[in-house]
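All remarks here apply to the structure that follows.
The values are calculated or read from the model by the stated rules, or taken from the named source; none is laboratory data. A quick note: this is a predicted structure, and the numbers were derived from the prediction, not measured. Glycine gets a Cβ as well: all are built from the backbone with ideal geometry, and neighbour counts include every protein chain shown. Surface accessibility is based on the protein's heavy atoms, side chains included, excluding ligands, DNA and RNA. Shrake-Rupley method; radii C 1.70, N 1.55, O 1.52, S 1.80 Å.
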Amino acid sequence: MGKAGILVVSFGTSYRSTLAKNIEAIEKDIAAAFPGQEVRRAFTSGMIIRKLKRRDDLHVDTVEEAMEGFLRDGFTDLTVQPTHVINGHENDGMLETLRSYRDKFCSIRVGSPLLTDMEDYRALSERLLPQFSDLTDRDALVFMGHGTEHHANAVYPALDYMFKAGGHPNVHVGTVEGYPDLEQVKSLVRRQDPSRVFLSPLMVVAGDHACNDMAGDEEDSWKNQFAKEGYPVSCILKGLGEYPAVREMFVEHARKAKPL
(Lines give C-alpha, C1' and ligand atoms only; values in the text may rest on other atoms or scores of the structure.)
Protein backbone atom coordinates (compact mmCIF):
# COMPACT_ATOMS: atom_id res chain seq x y z
CA MET A 1 0.00 0.00 0.00
CA GLY A 2 1.53 3.32 -1.10
CA LYS A 3 1.88 6.41 1.03
CA ALA A 4 0.47 9.59 -0.57
CA GLY A 5 1.33 13.18 0.20
CA ILE A 6 0.75 16.67 -1.12
CA LEU A 7 3.31 19.43 -1.58
CA VAL A 8 1.99 22.99 -1.88
CA VAL A 9 4.62 25.17 -3.54
CA SER A 10 4.52 28.96 -3.18
CA PHE A 11 6.87 31.77 -4.10
CA GLY A 12 6.60 32.74 -0.45
CA THR A 13 6.27 35.87 1.66
CA SER A 14 8.13 37.34 4.62
CA TYR A 15 4.92 39.00 5.89
CA ARG A 16 3.77 36.58 8.59
CA SER A 17 0.18 37.87 8.72
CA THR A 18 -0.35 37.53 5.00
CA LEU A 19 1.36 34.12 5.07
CA ALA A 20 -1.35 32.95 7.45
CA LYS A 21 -4.23 34.61 5.60
CA ASN A 22 -3.23 33.46 2.13
CA ILE A 23 -0.72 30.63 1.77
CA GLU A 24 -1.73 28.78 4.95
CA ALA A 25 -5.39 29.24 4.03
CA ILE A 26 -4.81 27.61 0.63
CA GLU A 27 -2.87 24.77 2.25
CA LYS A 28 -5.70 24.16 4.75
CA ASP A 29 -8.33 24.07 1.99
CA ILE A 30 -6.26 21.58 0.00
CA ALA A 31 -5.74 19.45 3.12
CA ALA A 32 -9.51 19.43 3.73
CA ALA A 33 -10.09 18.29 0.14
CA PHE A 34 -7.60 15.41 0.46
CA PRO A 35 -8.28 13.82 3.86
CA GLY A 36 -5.70 11.31 4.97
CA GLN A 37 -2.90 12.85 2.91
CA GLU A 38 -0.18 14.85 4.62
CA VAL A 39 0.25 18.36 3.22
CA ARG A 40 3.69 19.96 3.30
CA ARG A 41 5.01 23.37 2.22
CA ALA A 42 7.84 24.58 0.02
CA PHE A 43 8.85 28.05 -1.17
CA THR A 44 10.68 28.81 -4.41
CA SER A 45 12.18 32.11 -3.22
CA GLY A 46 15.54 31.49 -1.59
CA MET A 47 15.62 35.12 -0.46
CA ILE A 48 12.38 34.75 1.48
CA ILE A 49 13.44 31.39 2.94
CA ARG A 50 16.67 32.92 4.22
CA LYS A 51 14.90 36.00 5.60
CA LEU A 52 12.36 33.95 7.54
CA LYS A 53 15.12 31.79 9.00
CA ARG A 54 17.30 34.77 9.95
CA ARG A 55 14.53 37.00 11.31
CA ASP A 56 12.04 34.53 12.77
CA ASP A 57 14.00 31.28 13.02
CA LEU A 58 11.30 29.81 10.80
CA HIS A 59 12.46 27.10 8.41
CA VAL A 60 10.65 26.58 5.11
CA ASP A 61 11.82 23.90 2.69
CA THR A 62 12.94 24.52 -0.84
CA VAL A 63 11.24 22.24 -3.37
CA GLU A 64 14.30 19.98 -3.37
CA GLU A 65 14.37 19.78 0.44
CA ALA A 66 10.67 18.94 0.52
CA MET A 67 11.07 16.18 -2.06
CA GLU A 68 13.99 14.71 -0.12
CA GLY A 69 11.85 14.79 3.01
CA PHE A 70 9.03 12.89 1.32
CA LEU A 71 11.52 10.28 0.10
CA ARG A 72 13.10 9.93 3.52
CA ASP A 73 9.68 9.46 5.14
CA GLY A 74 8.62 6.71 2.76
CA PHE A 75 6.10 8.51 0.57
CA THR A 76 5.48 6.81 -2.77
CA ASP A 77 2.90 9.02 -4.49
CA LEU A 78 2.82 12.81 -4.54
CA THR A 79 0.52 15.57 -5.73
CA VAL A 80 2.25 18.92 -6.15
CA GLN A 81 0.12 22.04 -6.32
CA PRO A 82 1.74 25.44 -6.92
CA THR A 83 0.09 28.61 -5.69
CA HIS A 84 1.76 30.53 -8.51
CA VAL A 85 -0.52 32.86 -10.48
CA ILE A 86 1.08 32.17 -13.88
CA ASN A 87 3.28 29.57 -15.57
CA GLY A 88 6.37 31.77 -15.26
CA HIS A 89 9.96 31.35 -14.15
CA GLU A 90 9.09 30.18 -10.63
CA ASN A 91 6.83 27.45 -11.96
CA ASP A 92 9.39 26.44 -14.59
CA GLY A 93 12.04 26.09 -11.89
CA MET A 94 9.70 24.01 -9.75
CA LEU A 95 8.96 21.65 -12.64
CA GLU A 96 12.65 21.26 -13.42
CA THR A 97 13.33 20.18 -9.85
CA LEU A 98 10.35 17.81 -9.79
CA ARG A 99 11.48 16.08 -13.00
CA SER A 100 14.73 15.07 -11.30
CA TYR A 101 12.62 13.06 -8.82
CA ARG A 102 10.31 11.43 -11.35
CA ASP A 103 11.99 8.01 -11.10
CA LYS A 104 12.19 8.08 -7.30
CA PHE A 105 8.43 7.94 -6.67
CA CYS A 106 5.71 5.65 -7.98
CA SER A 107 3.88 8.74 -9.19
CA ILE A 108 4.16 12.51 -9.16
CA ARG A 109 1.13 14.49 -10.26
CA VAL A 110 1.27 18.25 -10.73
CA GLY A 111 -1.54 20.79 -10.64
CA SER A 112 -1.45 23.92 -12.75
CA PRO A 113 -0.99 27.54 -11.59
CA LEU A 114 -4.03 29.73 -11.04
CA LEU A 115 -4.15 31.20 -14.55
CA THR A 116 -3.24 28.49 -17.04
CA ASP A 117 -5.99 28.40 -19.67
CA MET A 118 -8.91 30.49 -20.84
CA GLU A 119 -11.32 28.74 -18.48
CA ASP A 120 -9.11 29.87 -15.60
CA TYR A 121 -9.23 33.48 -16.81
CA ARG A 122 -12.99 33.29 -17.03
CA ALA A 123 -13.34 31.59 -13.65
CA LEU A 124 -11.12 34.13 -11.89
CA SER A 125 -12.90 37.12 -13.42
CA GLU A 126 -16.28 35.68 -12.42
CA ARG A 127 -15.16 34.85 -8.88
CA LEU A 128 -13.26 38.05 -8.16
CA LEU A 129 -15.73 40.73 -9.15
CA PRO A 130 -18.45 39.75 -6.63
CA GLN A 131 -15.87 40.50 -3.91
CA PHE A 132 -16.10 44.18 -4.91
CA SER A 133 -19.83 44.63 -4.50
CA ASP A 134 -19.50 48.34 -3.64
CA LEU A 135 -18.01 49.08 -7.07
CA THR A 136 -20.15 51.26 -9.32
CA ASP A 137 -19.90 52.01 -13.04
CA ARG A 138 -18.37 55.37 -12.10
CA ASP A 139 -15.49 53.69 -10.25
CA ALA A 140 -12.32 52.17 -11.65
CA LEU A 141 -10.96 48.92 -10.23
CA VAL A 142 -7.28 48.33 -10.99
CA PHE A 143 -5.65 44.97 -10.30
CA MET A 144 -1.89 45.06 -9.89
CA GLY A 145 -0.09 41.92 -11.05
CA HIS A 146 3.60 41.19 -10.73
CA GLY A 147 4.54 40.94 -14.41
CA THR A 148 7.55 39.25 -15.95
CA GLU A 149 9.70 39.11 -19.08
CA HIS A 150 8.60 35.46 -19.38
CA HIS A 151 6.17 34.77 -22.21
CA ALA A 152 3.56 33.83 -19.58
CA ASN A 153 3.14 37.59 -19.01
CA ALA A 154 0.54 37.37 -21.81
CA VAL A 155 -1.88 36.24 -19.10
CA TYR A 156 -2.25 39.80 -17.78
CA PRO A 157 -3.47 41.55 -20.97
CA ALA A 158 -5.64 38.49 -21.69
CA LEU A 159 -7.30 38.78 -18.29
CA ASP A 160 -7.75 42.52 -18.79
CA TYR A 161 -9.51 41.81 -22.08
CA MET A 162 -11.64 39.12 -20.37
CA PHE A 163 -12.93 41.66 -17.83
CA LYS A 164 -13.76 44.18 -20.53
CA ALA A 165 -15.32 41.65 -22.90
CA GLY A 166 -17.46 40.48 -19.98
CA GLY A 167 -19.03 43.90 -19.68
CA HIS A 168 -16.70 45.53 -17.17
CA PRO A 169 -14.87 48.35 -19.01
CA ASN A 170 -14.01 49.92 -15.64
CA VAL A 171 -11.85 46.96 -14.53
CA HIS A 172 -8.18 47.09 -15.49
CA VAL A 173 -5.17 44.83 -15.07
CA GLY A 174 -1.64 46.23 -14.87
CA THR A 175 1.74 44.91 -13.77
CA VAL A 176 4.73 46.12 -11.79
CA GLU A 177 7.36 44.47 -14.00
CA GLY A 178 5.61 43.61 -17.26
CA TYR A 179 2.83 44.61 -19.66
CA PRO A 180 0.51 46.46 -19.27
CA ASP A 181 2.53 48.81 -17.09
CA LEU A 182 1.29 51.61 -14.84
CA GLU A 183 1.42 54.28 -17.56
CA GLN A 184 -0.77 52.19 -19.87
CA VAL A 185 -3.28 51.55 -17.10
CA LYS A 186 -3.34 55.25 -16.18
CA SER A 187 -4.13 56.05 -19.80
CA LEU A 188 -7.11 53.67 -19.80
CA VAL A 189 -8.36 55.03 -16.48
CA ARG A 190 -7.96 58.59 -17.75
CA ARG A 191 -10.27 57.83 -20.68
CA GLN A 192 -12.85 56.43 -18.28
CA ASP A 193 -12.62 59.51 -16.01
CA PRO A 194 -13.89 57.67 -12.90
CA SER A 195 -15.11 59.24 -9.68
CA ARG A 196 -12.90 56.91 -7.59
CA VAL A 197 -10.05 54.43 -8.13
CA PHE A 198 -9.74 51.19 -6.21
CA LEU A 199 -6.42 49.32 -6.24
CA SER A 200 -6.09 45.64 -5.41
CA PRO A 201 -3.22 43.15 -5.81
CA LEU A 202 -3.53 40.38 -8.41
CA MET A 203 -1.12 38.32 -6.34
CA VAL A 204 -1.63 35.38 -4.01
CA VAL A 205 -0.30 37.38 -1.06
CA ALA A 206 -0.56 41.07 -0.25
CA GLY A 207 3.16 41.32 0.46
CA ASP A 208 5.95 43.71 -0.44
CA HIS A 209 4.64 44.72 -3.87
CA ALA A 210 1.14 45.37 -2.55
CA CYS A 211 2.28 47.24 0.55
CA ASN A 212 4.98 49.31 -1.15
CA ASP A 213 4.60 49.45 -4.96
CA MET A 214 0.82 49.67 -4.79
CA ALA A 215 -0.11 51.27 -1.45
CA GLY A 216 3.18 52.78 -0.28
CA ASP A 217 3.89 56.39 0.60
CA GLU A 218 6.64 56.83 -2.00
CA GLU A 219 5.90 59.24 -4.83
CA ASP A 220 6.00 56.51 -7.47
CA SER A 221 3.56 54.15 -5.72
CA TRP A 222 0.43 53.36 -7.70
CA LYS A 223 -1.68 54.97 -4.97
CA ASN A 224 0.15 58.27 -5.24
CA GLN A 225 0.39 58.17 -9.02
CA PHE A 226 -3.40 57.88 -9.34
CA ALA A 227 -3.88 60.49 -6.61
CA LYS A 228 -1.75 62.86 -8.72
CA GLU A 229 -4.26 62.37 -11.51
CA GLY A 230 -6.87 63.83 -9.18
CA TYR A 231 -8.75 60.65 -8.19
CA PRO A 232 -9.69 59.61 -4.67
CA VAL A 233 -7.81 56.32 -4.24
CA SER A 234 -8.60 53.36 -1.99
CA CYS A 235 -6.21 50.41 -1.59
CA ILE A 236 -7.55 46.94 -0.83
CA LEU A 237 -4.69 45.02 0.76
CA LYS A 238 -6.04 41.52 0.28
CA GLY A 239 -4.14 38.77 -1.50
CA LEU A 240 -5.99 36.39 -3.81
CA GLY A 241 -5.58 33.68 -1.20
CA GLU A 242 -7.94 35.53 1.12
CA TYR A 243 -10.90 34.88 -1.18
CA PRO A 244 -12.46 31.42 -0.60
CA ALA A 245 -13.70 31.31 -4.20
CA VAL A 246 -10.13 31.78 -5.47
CA ARG A 247 -8.71 29.22 -3.04
CA GLU A 248 -11.24 26.77 -4.43
CA MET A 249 -9.62 27.18 -7.85
CA PHE A 250 -6.34 25.90 -6.41
CA VAL A 251 -8.21 22.95 -4.89
CA GLU A 252 -9.80 22.23 -8.26
CA HIS A 253 -6.40 22.36 -9.95
CA ALA A 254 -5.00 19.93 -7.37
CA ARG A 255 -7.87 17.55 -8.08
CA LYS A 256 -7.08 17.73 -11.81
CA ALA A 257 -3.32 17.29 -11.32
CA LYS A 258 -1.65 15.45 -14.19
CA PRO A 259 1.26 13.01 -14.20
CA LEU A 260 4.61 14.76 -14.44
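Structure above, values below:
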quantity	calculated
Among the residues listed as Ser133, Ser107, the single one being among the hydroxyl-bearing types (Ser, Thr, Tyr) and modelled with pLDDT under 95	Ser133
The lone exception for Leu78 - which of (1) in a helix (DSSP H, G or I); (2) more than 14 Å from Gly207 (Cβ to Cβ) it fails	(1)
Test: residue in the range 200-220 that is β-branched (Val, Ile, Thr) and touching a residue at least 40 places away in the same chain (Cβ under 8 Å)	yes
Any hit, the range 185-198, residues being within 25 Å of Met47 (Cα to Cα), at pLDDT 95 or above and either open to solvent by less than 20 Å² (accessible area, probe 1.4 Å) or touching a strand residue (DSSP E or B) at 6+ places or on another chain (Cβ under 9 Å) (or both)	no
Of all residues in the range 29-52 being open to solvent by less than 60 Å² (accessible area, probe 1.4 Å) and either aromatic (Phe, Trp, Tyr) or modelled with pLDDT under 95 (or both), the one that is farthest from Arg247 (Cα to Cα)	Phe43
For Arg55: the one exception among (1) assigned to a strand (DSSP E or B); (2) surrounded by fewer than 15 Cβ atoms within 10 Å (Cβ to Cβ)	(1)
The range 134-148 residues that are open to solvent by 20 Å² or more (accessible area, probe 1.4 Å), paired with ones that are modelled with pLDDT under 95 (beta carbon under 7 Å, 6 or more apart)	His146/His209
Residue pairs meeting the criteria (Cβ under 8 Å; at least 6 apart or on separate chains; first open to solvent by 50 Å² or more (accessible area, probe 1.4 Å), in the range 8-25; second in a strand (DSSP E or B) and aromatic (Phe, Trp, Tyr))	Phe11/Phe43
Filter result for the condition that a residue is in contact with a Gly (Cβ under 8 Å, 6 or more places away or on another chain), modelled with pLDDT of 95 or more and either closer than 17 Å to Ala245 by Cβ or not hydrophobic (A, V, I, L, M, F, W, C) (or both), over Asn170, Asn153	Asn153
Lone unmet requirement of (1) touching a Phe, Trp or Tyr at 6+ places or on another chain (Cβ under 7 Å); (2) open to solvent by less than 50 Å² (accessible area, probe 1.4 Å) for Trp222	(1)
Failed criterion for Gly5 (all others in (1) part of a helix (DSSP H, G or I); (2) open to solvent by less than 10 Å² (accessible area, probe 1.4 Å); (3) not hydrophobic (A, V, I, L, M, F, W, C) hold)	(1)
Filter pass, Gly230 being free of Cβ contacts under 8 Å to residues at least 12 places away in the same chain and assigned to a loop (DSSP other than H, G, I, E, B)	yes
Residues within the range 1-50 that are in contact with a Pro (Cβ under 9 Å, 6 or more places away or on another chain) and either farther than 22 Å from Thr79 by Cβ or of a type in the set (S, T, N, Q) (or both), tallied	2
